[in-house]
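Since the structure comes first, as structure tokens, the remarks are kept for the end.
The values are calculated or read from the model by the stated rules, or taken from the named source; none is laboratory data. Just so it is clear, the structure is predicted and the values come from calculations on it, not from any experiment. Cβ atoms come from the backbone with ideal geometry, glycine included; neighbour counts cover every protein chain shown. Note: areas computed on protein heavy atoms with side chains; ligands, DNA, RNA excluded. Shrake-Rupley method; radii C 1.70, N 1.55, O 1.52, S 1.80 Å.
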Amino acid sequence: MAEEEEDSVSGDEIIGYRQQPGKLPFSRPGSGGKNRFSEATDPEKIPISQGGSLEQPWGPHRHDELVSGQIIGKPTALVDSSWKVTGRAHYGDDVRLPGELIGRIVRSPHHYARVLSIDCSKALELPGVVAIATGEDAKNRFGVLPVTKDEHAMAVEKVRHAGDLVACVAAIDEATAREAERLIEVEYEILEPIHDMRKGLDDSEEPIHDRGDYHIGESNIQKRVFQEFGDIAGMSQKSIASHKKSWLFAGVNHGFTEPHAVVANWDPSGRLTLYTPQQVPHYLHRALADVLEIPMHQINVHRTFVGGGFGGKSDPFPHEMCAAILARKSGRPVRITFDREEVYWVNRGRHPSRIEMNLHADKEGRICGIETDALIDGGAFASFGHVTTYYNGVLHTAPYEIGAFHYTGARVWTNKPASGAMRGHGAVNSRCAVEVGLDDLAEELGVDPITLRLANLLPPHSATITGFRVTSIGMRDCLERVKEESGWDKKFRKLPLGKGIGIGCGFFISGSGLPIHWDPNKFPHATVHLKVDMDGGVTIHTGAADIGQGSDTVVAQSVAEVLGLPLDMIRVKSRESDTSPVDLGSYSSRVTFMNANAAISAAMKIRDELIDATVEITGAERKGLVIGDRRIFLKSDPAVGVSYLEALHKAQEDRGALVSSGAYRTPPMGRTHKGAAAGLAPAYSFSAYVAEVTVDVETGQTKVDKVWAAHDCGKALNPLAVKGQIIGSCHMGMGQVLSEEMRYGRNGNLMNPDLLDYKIPSVHEMPEVVPIIVESNDPEGPFGAKEAGEGPLLPILPAVCNAVYDAVGVRTSELPMTPEKVFKMIEKRCRNEGVSDPTELECPSLQYSELQKTLEERGEKHKSRDKERRLDEDRGDYYNGALFGLDPSTPPDEVDPRWEVRVTPDEVYLASPRLAGSAWKHTERRHMEGTK
Amino acid sequence: MLPHPDEVQWNGTVNGEEASIFIESNAILLDVLRDKIGSLGTKRGCDMGTCGCCSVLVNGEPKLSCLTLAIDTNGADITTVEGLADGHHLHPIQQTFAEFGGSQCGFCTPGFLVVISALLSNNPQPDEREIKDAIEGNLCRCTGFQQIVDSVKAASEILVSGNVVGDSTSPKSDPHPGFGGN
Ligand code: FES
Ligand code: FES
């Protein structure tokens, strides 16, 4: 009190706050925040377009005038980091409710079997067992994609992989629950399992699922895709160089450190709260309502801290249903935590895949055709597979301009734990195949692989061959930066035997154009609510799931920037579906793009109100007012203005807290052919990596020494987090290319469901990574930003493969490239070349052809073309095909019959289809004779 | 009821506080810490010694609590992640983990922090090799380790310079001294 009075007498020291003579003393609001005074705006943080000195080589951005210089672009600690470093961040298993029971799951020991009977009587007799549930208790199907709901909480009729759920039990402690699990007796009739994905293409006595009328023959094909774009016939006629390779990619697991865990609690009012580390709480919310047969509003999905997701915590899971069912039956909270082994049984990791990749180049060094055939092993359930099947094709139709694209893809069910979405969803394996192919093609053409790429890039504001709208593209800058920083020209094909350098590129969606639950009601993809009360702190309500990537931080940063507030005045409430507006979740790298955009539009509304209030107080003209650090003032005369709190309190008069809502929905875009929506995104990220490796020619051991990793994320809102994502992606991709593999034995048993035998690179295997951030300032991204979470994983695989070739002259067609495999290839090369000692092998070398010069010139020309296009507001359209002499302003398929789009195969193709393409030999049941 | 092993008394000091509790004779230290002591900061990532998330200090030495019989630590002085900060004053490595991106999802973080705090107390100026050797048993799937190593280097600098880390609950220093603030 004494302090307050003292403050009130020395009143006019705070400029701009109105003292009201004769009124009761009221503590002055100051400027808000921990520091009492605002800091002067730093011109280096303000874009040139707004009179500051921040360079904008890619032109101005629509959010420029919202920049207050607070926090965007500064390396920022995650807003929840203090919780994490003190051990006070609570993850799934850390939720402890009074009276909790421990749940355990009874799992199938068989790969494929019919469940004949389940006898729970012995288990029920065990003292301490409180509830048991089986498939009978919840018969409704669910699945993350509404078109392929094929999962049950527990087996109904059949189990489909070893580890599939059969029953679950809740008991007073873990020991009792484990004992009860053992006492539940299940009688099975064993069925013939399928382990080899190729077998999934055949008709089977008992397909793993039955899709009714939509079932494809009697096979285990879950999804098939056929797509042809561009001049398919011309592709091989014009080609002077071709690359052809059949790949086998092992399945990999996300390997997050936190095993799945869930706590379910029904409160006395009959509402369910489910605490779970989920990436996609909203789809779980929907699935719970379906399975439990209660309305959604009766459920509160509470996302705990998530100990790593990478796509592996984005399906609604059966164990989440089990916890809810057990809690309902027992009337007590139930906690289920997985053993590490169970994590592998749930899986949803990257698909084991067989990919055939053919590339063609014409005499001008243009990529006149890409032919891809991808058979992917979906395991026992559909999961995201529908989308994955498309992504294996469409996500490698850029960044290059191509003359033709032929894709056949099929996803089959097998009796393995289900594959699903994993960082770089569907794009990683086929991208690796393309980029290795380009390296090979460059060699055949006698040109530098970076030059080849630079001469074949799509320009900014263009459309890919599949009709994706590309806005900003920083691919050229990425390539140029890694080329220069790695000293490429001095090293490529010039290093001694055993040392090599390689390049790889990537292209990835920044959010998916259509939400999974496509809704004709035109709901937004992301919604953010703000509330600002007298204290000046801003509460953000968002449903975006922070899984460690820093989504809470990015949303807080966006709001702080627009309102000119320090980050400590922002609090993010993103946990509970009860209070958060619906957000579709953390998948397909959508959060920064969509959520930050929604946050900005919500903050703009508050900003407008603050400026209105300032006009009212100062009488200044609205147009000239800007926001700086907790102060709103005239740009031309910064002395005229008010503090943030003063404006806020004025705006609050007669109405109390300011609240606002902002939303984001993708603009209409894309084509209309079947499958056109898959791969559509409001923006795309690009990346180029150079890897330098050492291969021991005598053992086949590969060590990655250094990686130069350039990623175009549009604008790094938080450079610290972007770099973290790039380095982390390198680590994960390196695992896949060198050591990680879900290893299945001859009988289909998973051999390595633990972190000892599933080999994730340790700190010693990790190379030095030089993250290079390229900012292409996306016109629609929040402050220009695009994704940085998944795209950065793609280039590392091919970069390492290509570097290994540069080092020892062998090209793998199988991942992971374990030392055994590399050594075998070296041995083979020795045999072929009649060399007895591998250390005497010759280094690969490259003689440039005349084409090199042509491509260099074309690259330079395109560079100026790109620069013009990105700065020119009135640029015309640019459709893929212009490089091949077509009119850039119209989609080629509309004017040239050779470029017609085809989505079903013709007789000619079916006469000799490729592996996955043979899926089209079957007829869907509804089209079979005898049925309708 | 299942037959339970005998309960035995376990005495120890956890984060400076004496504890005297009854545990089953075959209890694992990780379970005791999480379920009985309430140290939920100590994480279970694998339960079989492969991830390092459960690391704690037993008499100053890093140990995997999931592979340690609680009874073997009778009388020991145990430090978990919750014991690293001094009240609201964070240990330098906690501070730098936040500032340098050492923690993304944060699940591996407690394990890294205790291991690194032991490293730094024995060797306040470790070189890169020594840092990597110290954390080789800890798995992080998010960061690719690089920003963790950066954090250790930064913490080492703080330790060597003797600058104390501020209290996270106090207002930040005032750029205009003499007018309130601290
Ligand atoms: S939980 Fe102890 S090492 Fe993984
Ligand atoms: S921060 Fe996620 S595992 Fe290390």
(message) What is the percent carbon and sulfur in the accessible area of segment A:60-168, measuring with a 1.4 Å probe over the protein chains and ignoring ligands?
(response) 52 percent
(message) Using the Karplus curve 6.51 cos²θ - 1.76 cosθ + 1.60 with θ = phi - 60°, what ³J(HN,Hα) values do you get for each residue of segment A:392-400, in whole Hz, with x for Gly and Pro?
(response) 4, x, 4, 7, 10, 8, 8, x, 9
(request) Any chance you could check the Cα centroid distance between segment B:1-64 and segment A:123-184 for me, in angstrom? (result) 30 Å
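Expressed as a rounded percentage, what relative contact order does chain B have, with Cα pairs under 8 Å and six or more residues apart?
Details: 320 pairs, mean separation 37.7, N = 182.
Worked out over chain B, it gives 21 percent.
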(request) Enter the accessible area per residue of the protein assembly as shown (Å², integer; probe 1.4 Å; all protein chains in place). (result) 37 Å²
(request) Can you send over the carbon and sulfur percentage of the accessible area for segment A:529-635, probe radius 1.4 Å, protein chains only? (result) 53 percent
(request) Could I have the simple spin-label model distance between A:K244 and A:L846, label points 7 Å from Cα toward Cβ, reported in nm to one decimal? (result) 2.4 nm
(request) Using only Cα atoms, locate the centre of segment A:196-275 and the centre of segment A:643-681, then give the distance between them in Å, rounded to an integer. (result) 34 Å
(message) Along the Cα→Cβ direction, 7 angstrom out, place labels at B:A19 and B:R129. What is the inter-label distance in nm?
(response) 3.8 nm
(message) Can you tell me how chain A classifies by the Cα gyration tensor, rounded, prolate or oblate, using a/c under 1.5 as the rounded cut?
(response) oblate
(request) Stick to Cα atoms and the Kirkwood definition of Rh, then tell me Rg/Rh for segment B:92-161. (result) 0.91
(message) Give me the extension gain from A:R96 to A:E136: residue separation times 0.36 nm, minus the current Cα-Cα distance, reported in nm with one decimal.
(response) 11.5 nm
(request) Quick one: Debye curve from the alpha-carbon atoms of segment B:1-133 only, equal weights, vacuum; give me log10 I(q)/I(0) at q = 0.10, 0.16, 0.18 Å⁻¹ to two decimals. (result) -0.33, -0.80, -0.99
(request) Note every residue of segment A:53-92 with a reduction of at least 50 square angstrom in accessible area, all protein chains present versus the isolated chain, computed with a 1.4 Å probe, or write none. (result) A:K84, A:V85, A:T86, A:G87, A:Y91
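Only Cα pairs under 8 Å and at least 6 apart count here; give the relative contact order of chain A as a rounded whole percent.
Relative CO of chain A lands at 17 percent.
Could you work out, residue by residue across A:758-768, how many beta carbons of other chains sit within 10 Å of that residue's beta carbon, and then give the average as an integer? Don't skip to the answer; put the middle values down first.
Numbers: counts 1, 0, 5, 3, 8, 15, 6, 1, 7, 2, 3.
That average works out to 5.
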(request) Can you pull out the buried accessible area for chains B and A, both sides counted, probe 1.4 Å, rounded to the nearest 100 Å²? (result) 4800 Å²
(request) Can you tell me the order of A:267-277, B:148-158 when each peptide is scored by its average per-residue count of other Cβ atoms within 10 angstrom, highest first? (result) B:148-158, A:267-277
(message) If the rule is a partner Cβ under 4.7 Å, which cysteines in chain A fail it?
(response) A:C120, A:C368, A:C432, A:C478, A:C505, A:C713, A:C730, A:C801, A:C830, A:C843
(request) Would you be so kind as to identify which of B:V14, A:G543, A:T904 lies farthest towards the positive end of the dipole of the protein assembly as shown, taking Lys and Arg as +1 and Asp and Glu as -1 on Cβ and the Cα centre as origin? (result) A:T904
(request) Assuming R0 = 41 Å, can you tell me the calculated FRET efficiency for the pair B:S121 and A:E484, based on Cβ-Cβ distance, to the nearest 0.05? (result) 0.45
(request) Compute, for A:K74, the solvent-accessible surface of its heavy atoms (probe 1.4 Å) with the complete set of protein chains present, and express it in square angstrom to the nearest 10. (result) 70 Å²
(request) Mind giving me the nanometre distance, one decimal, between the label points for A:K74 and A:E698, set 7 Å out from Cα along Cα→Cβ? (result) 5.5 nm
(message) Given the whole protein assembly as supplied and a 1.4 Å probe, what does the accessible area of A:M569 come to in Å², nearest 10?
(response) 10 Å²
(message) Spelling out what I want: for every residue of segment B:55-61, take phi, set θ = phi - 60°, compute 6.51 cos²θ - 1.76 cosθ + 1.60 (Karplus), and round to whole Hz; glycine and proline get x.
(response) 4, 9, 9, 10, 6, x, 9
(request) Would you mind calculating the relative contact order of segment B:92-161 from Cα pairs under 8 angstrom and at least 6 residues apart, reporting the percent as a whole number? (result) 52 percent
(request) Please determine, in degrees from 0 to 90 and to the nearest 10, the orientation of helix B:109-122 with respect to the longest principal axis defined by the Cα atoms of chain B, where the helix direction is its Cα long axis. (result) 70 degrees
(message) Could you tell me how far the Cα centroid of segment A:821-892 sits from the Cα centroid of segment A:761-801, in Å?
(response) 21 Å
(request) Give, ordered by residue number, each residue of segment B:12-59 whose 1.4 Å probe accessible area is reduced by a minimum of 20 Å² on adding the remaining protein chains to the chain alone. (result) B:R34, B:D35, B:L40, B:K43, B:R44, B:G45, B:C46, B:M48, B:T50
(message) Treating only the Cβ of Lys, Arg, Asp and Glu as charged (+1, +1, -1, -1), what charge dipole size does the protein assembly as shown show about its Cα centre? Round to the nearest 20 debye.
(response) 1900 debye
(request) Would you mind checking the pairs A:K499/A:K759; A:K531/A:K605; A:K45/A:K635; B:K43/B:K63; A:K158/A:K921 and listing those with alpha carbons more than 19 angstrom apart? (result) A:K499/A:K759; A:K158/A:K921
(request) Take the Cβ-Cβ distance between A:M534 and B:K36 as r, set R0 to 35 Å, and report the resulting FRET efficiency rounded to the nearest 0.05. (result) 0.20
(message) In segment B:91-107, what residues drop by 50 Å² or more of accessible area when the other protein chains are put back, versus the chain on its own? Use 1.4 Å, and skip ligands and nucleic acids.
(response) B:A98, B:Q104, B:C105, B:F107
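May I ask you to derive the FRET efficiency for A:S121 and A:F523 from their Cβ-Cβ distance with R0 = 41 Å, giving the value to the nearest 0.05?
About 0.30, to the nearest 0.05.
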(request) Give me a single rounded figure for A:306-319: the average over its residues of other chain Cβ atoms within 10 Å of their Cβ. (result) 2
(message) Can you sort B:S20, A:S762, A:S472 by solvent-accessible area, 1.4 Å probe, largest first?
(response) B:S20, A:S762, A:S472
(request) Could you please state how large a percent of the accessible area of chain B is carbon and sulfur, counting protein chains only and using a 1.4 Å probe? (result) 49 percent
(message) Order A:H406, A:H297 by their accessible area, 1.4 angstrom probe, all chains in place, largest first.
(response) A:H297, A:H406
(request) Enter the accessible area of A:V387 (Å², nearest 10), with the probe set to 1.4 Å and all protein chains included. (result) 40 Å²
